[in-house]
Amino acid sequence: MEIFLPLFAELRSELLAEAKGKILKPEEVKSVIQDIIQPAVNNTREYQSLCAKVYCNRKSLLPKGEKREEWEASLMDLKKRLIS
């Protein structure tokens, strides 16, 4: 649900800006909706989680049984996928 709230606010702002005091036709609303790109939330969260694990300096905060080398490899793989 949290993903849709910022998008709804953005859509509302875009529609108000497009309307400029007039009533928008359905085609105009559809055009504004189609112009908004969904954020890459899953990739962003995965990147943030891996960075937090790699750069964390407290063992008590890290998941048990996982290895830093695996996180670093996953982080590098994610970077390669996102850049290419």
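For Lys64, the aspartates and glutamates whose Cα falls under 20 Å of its own Cα, not counting residues fewer than eight places away in the same chain, are Glu46, Glu72.
Could you quote the convex hull projected area for the chain, Cα atoms only and averaged over all directions, in nm²?
Over all viewing directions, the chain projects a mean Cα-hull area of 8.4 nm².
For the chain, the longest principal axis of the Cα atoms and the long axis of helix 68-83 meet at an angle of about 30 degrees.
Of the residues Ala17, Ala52, Leu78, the one whose Cα sits farthest toward the positive end of the charge dipole of the chain, with +1 on the Cβ of Lys and Arg and -1 on the Cβ of Asp and Glu, is Ala52.
Placing unit charges on the Cβ atoms only, positive for Lys and Arg and negative for Asp and Glu, gives segment 41-83 a dipole magnitude near 140 debye about its Cα centre.
What longest region of the chain stays clear of GluC sites (Glu not before Pro) that DSSP places outside H, G, I, E and B and that have at most 12 other Cβ atoms within 10 Å? After excluding every exposed loop site, the longest remaining stretch is 3-65.
Straight Cα distances below 24 angstrom link Lys79 to the lysines Lys53, Lys67, with same-chain residues fewer than 8 positions distant left out.
Model label sites at Ile23 and Asp35, defined 7 Å from Cα along the beta-carbon direction, differ in position by 2.2 nm. Taking the C-alpha atoms only, the angle from helix 26-35 to the longest principal axis of the chain is near 20 degrees. Across the chain, the relative contact order, built from alpha-carbon pairs under 8 Å that are at least six residues apart, equals 25 percent. The charge dipole of the chain, taken about its Cα centre with unit charges on the Cβ atoms of Lys, Arg (+1), Asp and Glu (-1) only, comes to about 340 debye.
Charge tally around Lys30: other residues with Cβ under 14 Å, Lys/Arg +1 each, Asp/Glu -1 each, net -4.
Every number here is computed from the coordinates shown, using simple stated rules; none is lab data. For clarity, every value in this text was computed on a predicted model and none was experimentally measured. Every residue, glycine as well, gets a Cβ built from its backbone with ideal geometry; the counts of neighbours run over all protein chains shown.
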